[in-house]
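Accompanying notes for the structure given below.
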Amino acid sequence: MTDLARIKAQARKDAFARRKAAFDVAGPGCAGHLSEVLAGYRGVPLAGYAAMRTEIDPLPALEEAAAHGPVGMPVIMGKAQPLKFRDWTPGCEMIAGEFGAAIPARGDWLEPQILIVPLLAFDWRGGRLGYGGGFYDRTLERLRAAGPVLAIGFAFAAQETESLPTEPIDQPLDLIVTEQGILEPRAAAKIS
């Protein structure tokens, strides 16, 4: 294991603990600021995620967004591959996908222009620490090569850290939304 891999493994362990502590005290209404951001992009194809374990839950904001345009959920296609996104609507049948993540049982594929990204930790520069599979980094790289994409990290405020161990392949976030507010670490992608 390289030094960077050891540093990232420790950062993930610490981030899991911070996220769990935030999750344990979180009440309802954590997605209010996410709804506020998405309201400015009505009708733009977006993808979120179905929260698992101690992730902050974006579903209330996704349900609202689905009333105005297409919403997708990520599907893992295989190791070291970008994610694909299947159409999702509130109440649709969900099944267990890879790693236990809930995915729509059926539906068309969609290309999002807004991607709501789960994470373990973030920093003020837009750095993101994920689970280590690189799925979102590969996906954002592919989507950004095709056109503008707004990457929104959704997390508890307690998941912020001073700095993260990053590599050149790590894709930055354009916005970070927490239960406490909206952070803009760098110029956001322009989506119309």
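Points to keep in mind about this one:
- Residues of segment 117-156 with amide N under 17 Å of a point placed 7 Å along Cα→Cβ from ILE169: 128-145
- Rounded to two decimals, the Cα-based Rg/Rh of segment 124-184, with Kirkwood Rh, is 0.95.
- Applied to segment 68-79, the Karplus parametrisation 6.51 cos²θ - 1.76 cosθ + 1.60 on θ = phi - 60° returns per-residue 3J(HN,Hα) values of 10, x, x, 10, x, 10, x, 10, 6, 8, x, 4 Hz, with x for Gly and Pro.
- Counting only DSSP beta bridges with both residues in segment 3-183, the antiparallel share comes to about 50 percent.
- Relative contact order (%) - criterion: Cα under 8 Å, at least six apart; region: segment 3-183: 23 percent
- Along its three principal directions, the equivalent ellipsoid of segment 110-157 from the Cα gyration tensor extends over semi-axes of 19, 12, 10 Å, largest first.
- What the phi angles of segment 113-128 give under the Karplus curve with 6.51, -1.76 and 1.60, with θ = phi - 60°, is a coupling list of 9, 10, 10, 8, 10, x, 6, 9, 8, 9, 10, 5, 8, x, x, 9 Hz, glycine and proline written as x.
- Dividing the Cα radius of gyration of segment 1-104 by its Kirkwood radius returns 1.02 for Rg/Rh.
- Reference-scaled alpha-carbon Rg (2.2 N^0.38 Å with N residues) for segment 1-60: 1.50
- For the chain, the calculated P(r) over all alpha carbon pairs, in 10 Å bins from 0 to the bin holding the longest distance, is 9, 38, 40, 12, 1 percent.
- 3J(HN,Hα) from dihedral phi, segment 175-183, Karplus parametrisation 6.51/-1.76/1.60, rounded to Hz, x for glycine, proline: 9, 10, 10, 10, 5, 9, x, 10, 10
Values in this text are rule-based calculations from the coordinates and carry no lab data. Only a predicted model underlies this, so the values are computations on that prediction, with no experimental measurement involved. Glycine gets a Cβ as well: all are built from the backbone with ideal geometry, and neighbour counts include every protein chain shown.
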